Each structure stands twice: as structure tokens, then as C-alpha cells.
Amino acid sequence: MGSLSLSFTDPQDQEMNISSQKLDKTHLLNLFKCQQNYLNHFFKNLDISQTLAFTETLLKAEGTIFFSGVGKSGFVAQKIAQTLVSLGIKSGFLSPVDALHGDIGILSAPDLLVMFSKSGNSEELLKLVPCAKAKGVYLISVTSVTPNGLTRLCDFNVHLPLERELCPFDLAPVTSTAIQMVFGDTVAIALMGARNLSKEEYASNHPAGRIGKSLIFKVKDVMKKKDELPVCREQDLIMDLLVELTSKGCGCLLVVNNEYHLLGTFTDGDLRRTLKASGEGIFKLSVGETCSRKPRTIGPEAMAVEAMQKMESPPSPVQFLPVINDENVVIGIVTLHGLVSAGL
């Protein structure tokens with residue numbers, strides 16, 4: 001029987017290797033400058049007419065725009081596909097390996113297949129091409145090395161000028177993937193402009209994000225209402241309202257008449273100031289005698305982000321806004337805490 005030879009790294013040798021590693025500030029700065037130069041080479045030599053034709057092809061696509069790639073180019077392709085989806089464009093990522101094991105069934109004649117590859121000679125993509133052609137799919141290659149196998153097989157080709165990789169061996173795909181990402185994302189924004197995508201439409205595709213919430217949520221979506229409202233009448237005594245003031249979590253009372261018209265507000269700050277000024281006399285004071293008669297208000301159809309801006313506006317910030325309708329009837333209250341909790 002043969003013997004199994006095991007080799008172990010001496011911990012002391014490992015510590016010596018780590019201690020010998022050194023990051024040179026000047027070298028790091030030079031790397032960034034070199035990368036900038038390589039990116040400038042891409043911008044200066046990019047064929048704009050070719051890029052325009054590529055973008056127009058995507059714009060006029062009747063089917064789904066699929067992106068594919070291997071390795072790092074595959075990650076870029078997947079990211080660009082996701083960007084287009086977020087813009088409301090039918091798009092997706094198709095793994096070339098998975099495609100050859102059944103996923104190619106998602107392709108049909110109106111679709112486009114955009115293949116990202118630095119060399120244009122990735123075996124997986126070259127195998128995918130004839131299978132995609134058999135589906136009647138329009139094929140586009142996005143490559144940097146010429147000549148290559150994909151350009152001879154595809155219906156349309158885009159060349160991304162690459163001077164060299166930043167890697168000292170010119171091997172690690174760092175500059176090539178950077179220009180792929182810049183190219184794809186810039187085309188995506190061009191499509192966004194060509195389709196006249198509005199800010200509201202963009203937000204509708206990002207409902208869970210802060211941007212989406214700020215453009216979708218209205219005051220009526222985030223306000224407290226009905227039994228949650230801390231309401232009182234102006235003749236009510238302050239000391240009889242302490243539970244109402246504190247239990248509703250709004251930091252205020254909404255002073256209304258019998259028709260629920262807003263007369264004013266009384267805050268916990270007003271309570272402290274009144275107690276300091278009147279002492280025991282507070283037991284005989286009604287809320288109407290000390291409330292603010294001209295509070296800031298907002299309507300239910302206003303955007304929630306507008307409510308936040310109104311709370312923070314001069315002369316001093318406030319923590320809440322009564323929500324009233326066109327007849328000055330109280331229908332809700334929106335609080336700063338509620339807006340923050342909603343992700344705004």
C-alpha cells in the first residue's frame with residue numbers, strides 16, 4: 001500500500017509570511033490611476049454608433065431580453081438583467097450551463113439573448129449559441145477580444161475596447177468587468193430615458209425601498225385614525241386628560257368641537273409649561289385655555305414625505321400633524337415616529 005504524505009505549515013512560518021505583507025500607499029494610488037487610464041481608453045474608443053444600434057435593438061425588443069455569461073462576466077450579466085427588471089423592462093438572466101440542462105426552454109422566437117464575455121470564446125456560451133438559434137432567438141455578443149468565436153456566430157456584436165487588465169499578469173478580470181458594468185448600466189439608463197419612465201413608475205417597482213415609499217405612501221396610508229386619536233373638548237380639564245394624553249402615544253391632544261372640527265392642539269410640552277407657570281392652578285384649567293389655536297395641519301392625500309418635511313420646517317420642528325379634510329374635520333394624525341417606522 002502507498003503511504004499518504006501530509007504537509008503542514010509551521011505556525012511560525014505563517015506568522016512570518018503575514019508580517020512580511022505590506023501595503024504601499026503610493027502603489028495603491030498608482031493602481032487607481034492606472035485603472036482610471038484603462039477606463040478612459042474604453043470611453044475614448046467605444047463605438048457610439050454600434051452602442052446606439054445595440055440600445056435601439058433592446059428598446060424595440062418584443063420579447064424578453066435575456067443576459068448570459070460565465071464567471072465574472074456572468075455576475076455582470078445578472079446585475080444588468082436585474083437593473084432592467086427594476087426599470088419595468090422584461091429581462092432575465094440565463095445561466096449557460098443550466099440552459100443546456102433544461103432552462104433553455106424559457107427562450108422563444110421574440111426574445112433576445114445578450115452574451116457577455118471578455119474573450120468571446122467561452123466554451124459554455126459557444127455551446128449555447130446553436131441551441132438558442134434553434135429557438136429563433138436573436139443573438140448578441142458583447143466582447144473585448146477580437147477576433148473571437150461568438151462574433152462569428154451572433155446576429156449582432158458589440159466590442160468593448162479593453163487596453164488591458166489592471167492585474168499585473170493581465171489575467172484577473174477586473175478592468176474588463178468594470179467596463180462591462182459601466183456599459184450595461186449606462187445603456188439601462190438610456191432605455192429608462194427613451195421609455196420616459198417617470199419617478200412614480202420607478203418607485204412602483206421599489207415599494208419596499210425608501211425611494212419607493214416616499215413616492216407611493218400618502219398621509220392616509222400612515223396616519224392614526226378613529227379610536228387611535230387622542231381627542232378632547234376645549235372645556236375638558238387638563239388634569240382629567242392625562243391618561244388620554246399619554247396612552248395614545250402621540251404626545252398631544254387634538255382639541256375638537258362636537259362636529260369634530262379642529263380647534264387646536266395641546267402637547268405634553270404645553271402640559272409642562274402650564275404646570276410650571278400655574279402650579280396648583282393647573283387643576284382648574286381647561287385644555288382650551290392653554291392649547292395652541294393655530295397648529296400645523298395636513299390633508300390625507302398629501303404625500304407622507306411632505307408631512308415629514310412640514311414637521312421639520314421652521315420656526316421649530318414638531319412631532320405630529322393633525323390630518324384634516326376640506327371641512328377642517330379631524331380624520332387622523334400622523335406622527336414622526338409613525339413615519340420613521342414606515343421606513344420614511
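The values are calculated or read from the model by the stated rules, or taken from the named source; none is laboratory data. Everything numeric in this text was worked out from a predicted model, so none of it was measured. Glycine gets a Cβ as well: all are built from the backbone with ideal geometry, and neighbour counts include every protein chain shown. Ligands, DNA and RNA are stripped out before the accessible areas are found, and what is left, the full protein with its side chains, is counted by its heavy atoms. Shrake-Rupley method; radii C 1.70, N 1.55, O 1.52, S 1.80 Å.
Among 227-237, 45-55, 114-124, how do they line up by average Cβ neighbours within 10 Å per residue, starting with the highest?
114-124, 227-237, 45-55
Label the range 40-84 by shape, choosing from rounded, prolate and oblate, from the square roots a ≥ b ≥ c of the eigenvalues of the Cα gyration tensor; if a/c is under 1.5 it is rounded, and otherwise prolate applies when a/b is larger than b/c, oblate when it is not.
oblate
Provide Rg and Dmax in Å for the range 98-248, with only Cα atoms included in the calculation.
That works out to 28.1, 88 Å for Rg and Dmax.
If I take every Cα pair under 8 Å that is 6 or more residues apart in the chain, average their sequence separation and divide by the length, what percent do I get for the relative contact order?
12
Mind running the shape call on the range 79-152? Use the C-alpha gyration tensor, a ≥ b ≥ c as the square roots of the eigenvalues: rounded below 1.5 for a/c, prolate if a/b tops b/c, oblate otherwise. Kindly include the intermediate steps, with their values, before the conclusion.
Details: a/c = 1.76, a/b = 1.23, b/c = 1.43.
Cα axes put the range 79-152 in the oblate bin.
P(r) tail for the range 247-291, what percent of Cα pairs lie past 14 Å?
Cα-Cα pairs in the range 247-291 separated by more than 14 Å: 52 percent.
Percentage of Cα-Cα pair distances in the chain greater than 38 Å, rounded to whole percent?
For the chain, the share of Cα pairs beyond 38 Å comes to 50 percent.
Compare the peptides 25-31, 137-143 by average per-residue count of other Cβ atoms within 10 angstrom and give them in order, highest first.
Packing order, densest peptide first, comes out as 137-143, 25-31.
Just subtract the alpha-carbon distance of LYS220 and LYS22 from 0.36 nm times their residue separation and send over the number in nm, one decimal.
Extra length available between LYS220 and LYS22 comes to 65.5 nm.
Sorted by mean Cβ packing within 10 Å, highest first, what order do the peptides 328-336, 87-95 take?
On the way: 328-336: 20.3, 87-95: 18.3.
Order by mean packing, descending: 328-336, 87-95.
Under unit Cβ charges (Lys, Arg +1; Asp, Glu -1), what dipole magnitude, rounded to 20 debye, does the range 51-114 have relative to its Cα centre? List each step's numbers first, then the result.
Numbers: 4 positive and 5 negative charges, 42 e Å.
In total the dipole reaches around 200 debye.
For the chain, find the longest principal axis of its Cα atoms and tell me its angle to the long axis of helix 72-86, 0 to 90°, nearest 10.
Compared with the principal axis, the helix lies near 40 degrees.
Where does the charge balance sit around LEU113 when Lys and Arg score +1, Asp and Glu -1, over other residues with C-beta under 10 Å from its C-beta?
0
Let me understand the range 199-319 better: what is its radius of gyration from the alpha carbons, and its Dmax, in angstrom?
Reported Rg and Dmax, both Å: 17.3, 58.
Carbon and sulfur atoms: what percent of the 1.4 Å accessible area of the range 261-344 do they account for?
Percent of accessible area from carbon and sulfur atoms in the range 261-344: 57.
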